[in-house]
Amino acid sequence: MAPEESRPAPAAAVGRPARWVLFAVVQAGLLTLTAPLVYYRIFGALTPYDDEGFMMMTVQHVLDGHRLYDEVLTAYGPLYYLYKWVLHGPFGLPLSHDVVRLNAAVLWLGTAVASSGVVFAMTGGLALAAIAHVLTVLGLESIAVEPGHPQEMAVLIVVAIVLMSAVADRAAHTRRIAGVGILVGLLTMIKINVGVLAGAAVWMALASARLWAVSAAGILVLPVLLIWQRLDQWMPFTVSEVAAIGSVALMTRATAREDRGLGGIAVFSAAWVAGIALGLLFPLIRDASLSAVVECLVLMPRRLVEMTVKAPMLQSWSPALASVAVALAALCAWLPPHRLRTRPAAAVVAVAKLAFAAGAALAYWYPWLPYGFWYIFPGLTPFVWLVLVPGASAAPHGPFPRLVLVWLAVLQPLQAYPVAGSQLRIGTILHVVCAMVMLGDVRDWAAVAFPGFVRPVLLRAGSVLALAALMLLTHSRVDLMRTWYERLSPLDLPGAARVRAPRAHVTALQKVVEALRVNADTFLTYPGLNSLYFWTGKRPPTLHVLSHDVRFYSEEQRAAMIRALLTHQHPYVVRSRDFVPADSAFVRAISRSFEPSAVIGPYRLLARRE
């Protein structure tokens, strides 16, 4: 096989403005296709556990001037609330379900464009970038079931970290590291666990030979330390993560052999702290106490682990497959680079990368298949190290962008603990980028393997056919989603004119809203259905916002909620299906003062006892 330097540069698009203009044109065309897809999906979902209403209610309290963390208890970072305060305060946008979902759609599509930018910067392929755009849109559909959640901002910044490392000039490496550090700090101030995982990923990408042994050992035991309390339930997931981290660690050591010193780590650490400090300005300027900030952002998430745990439904064979991944990574790391560039070895690597890309396309093109994602996930994460085999060091911007991408791809899935729901899907979205970068490597290998006169024909024809097929398939998916959306019934409640749901659900909610408007002066929902406050125009009895788990608050705080509720003349309680084991003491306390008044669909209305 030809030496690495003779290959087409995978990041050839960087530094060529005309290519980026063409990229922008293609992205604009894709947005005309994917924006309706996002619209139908995000306005055609209404989940019963109502994370949307929970977040909206905390934002409303901040807009009303209450102190974040001292009076408004939340485990999410201040940068999220600063963004919402600007959006619904100075910008004057109403805090409604329609606006919240439109904003979520913009962030959703922005993440897809950012993913495409990463792929284009690393591969120079317009078709590959377009595929990344569509697969990212499909892979992030869990945003539709939890619109307004901080994770929609967090995932955009995670992809932006990779994008900054990929497009920044290699000559300005120090500024590039500083920019990445600022982004990691801001991410930490949105969701602290996601930010810490991102910081660990960048640290590993920068770690010099002096720090390598201790850093690799620490990062390797991270999944075990994090999941120790629930290790029996999370064993397959933990094994897959440890294997994936070990595989990437082996390949990282082989990819970056030189001792880069401690300067990069120092710059990154300082910038990370600076980003955190910037995020903390918002609550501190608004008179939040530092002790309350620490309590909510550091101590509260640790308590949440004891409350709600949902283990991922991985397969029994996933640990065995992870062991195979480690063995292959060890072999590739042990072999000299020139051995991996021989024609037979390069062909085997190309086939492996092609298989990864096919698996990722299947997982994200059909995200709703029953358990389909759980079959694909353990087959992807342990093999993301293939991005580093070999040739990443020949990229114009050095190995740093691929190292950041791979380390983020293996560490971000850990945000799934302790609830492996939408967090796992969002935490694995970088697998799409890894798949397209690998596909770009396969294209570069094919360009060298085939005769010279065949190369341009194959590459151009392949790109055109791929773009055409992608447009047709995406258009058919949009038609399918439009038909599904039009079959739903409009919710037709204040601030939710665009939202649709099945007719039975809509009818029940409309009746509940009307009953509360007529009969209640305030009410408490248990589990939390805080959207009802926006639809009825009523205010909650206290600033404490119930989620689907009442244990989020102490027994004293729960008792205070009921006392505040009883100070009103016509208080009500709205009960719906429990998603976690009901708190018997809280239920008994409510039953002593309230009795059933009406049953409307899945909802029970309880009025004050005479």
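Laboratory data are not the source of any read-out in this text; all were calculated from the coordinates shown. These numbers come from a predicted model, not from an experiment. Glycine also receives a Cβ, built like all others from the backbone with ideal geometry; neighbour counts cover every protein chain displayed.
Descriptive notes on the structure:
- Tilt relative to the chain, helix 503-519 - C-alpha long axis, 0 to 90 degrees, to 10: 40
- Working note: 222 nm ellipticity from helices only, DSSP H runs with n ≥ 4, each -39,500 (n - 2.57), summed and divided by the residues of the chain, gives -20500 deg cm²/dmol to the nearest 500.
- Cβ crowding within 10 Å ranks His475, His505 as His475, His505, fewest other Cβ atoms first.
- Helix axis angle, 209-220 relative to the chain longest principal axis, alpha carbon, degrees: 40
- If R0 is 35 Å, the Cβ-Cβ spacing of Ser323 and Ala449 corresponds to a FRET efficiency of close to 0.65.
- Burial ordering of Arg588, Arg402, Arg482, fewest other beta-carbon atoms within 10 Å first: Arg588, Arg482, Arg402
- Potential lengthening between Ala585 and Arg19 on full extension [0.36 nm per residue; Cα-Cα distance subtracted]: 197.4 nm
- Taking amide H as placed 1.01 Å from N in the peptide plane, Ile600 has its amide H under 5 Å from the amide H of Leu605, each at least 5 places away in sequence or on another chain.
- For the chain, the longest principal axis of the alpha carbon atoms and the long axis of helix 235-255 meet at an angle near 40°.
- Protection-proxy order for peptides 175-183, 381-389, 357-365, each taking the mean of Cβ atoms within 10 Å per residue, highest first: 381-389, 175-183, 357-365
- Debye log10 I(q)/I(0) for the range 135-257, one point scatterer per Cα, at q = 0.11, 0.14 Å⁻¹: -0.47, -0.77
- Put simply, the amide H of Val419, placed in the peptide plane, has neighbours under 5 Å in Lys310, leaving out anything fewer than 5 places away on its chain.
- Whole-Hz ³J(HN,Hα) from phi, Karplus 6.51 cos²θ - 1.76 cosθ + 1.60, for the range 75-83, glycine and proline x: 9, 9, x, x, 5, 4, 6, 5, 4
- In sequence order, the range 194-199 has phi-based couplings of 5, x, 5, 5, 5, x Hz under the Karplus curve 6.51 cos²θ - 1.76 cosθ + 1.60, θ = phi - 60°, and Gly or Pro positions carry x.
- Under a 5 Å amide H cut-off, with hydrogens placed 1.01 Å from N, Ala501 pairs with Ser489, Leu491 among residues at least 5 apart or on other chains.
- Reported label for calculated Rg and Dmax of the Cα atoms in Å given (1) 28.1, 89; (2) 25.4, 90; (3) 28.2, 84: (2)
- Trypsin sites (Lys or Arg not before Pro) restricted to the range 199-301 and DSSP loop, no more than 12 other C-beta within 10 Å: Arg257
- Using equal-weight Cα scatterers in the Debye expression, the normalised intensity of the range 230-365 in log10 at q = 0.20 Å⁻¹ is -1.18.
- Only lysines eight or more places from Lys191 in sequence, or on another chain, were considered; those with a Cα closer than 16 Å are Lys84.
- Under Karplus coefficients 6.51, -1.76 and 1.60, residue-wise ³J(HN,Hα) of the range 528-535 in Hz, glycine/proline x: x, 10, 6, 4, 4, 5, 6, 7
- Cα-only Debye scattering, the range 53-125: base-10 log of I(q)/I(0) at q = 0.26 Å⁻¹: -1.19
- Ordered by the number of other Cβ atoms lying within 10 Å of each residue's own Cβ, fewest first, Glu595, Glu556, Glu71 fall into the sequence Glu556, Glu595, Glu71.
- Over all projection directions, the Cα-based convex hull of the range 153-203 averages an area of 3.0 nm².
- Rg over Rh [alpha-carbon atoms, Kirkwood Rh] for the range 502-608: 0.93
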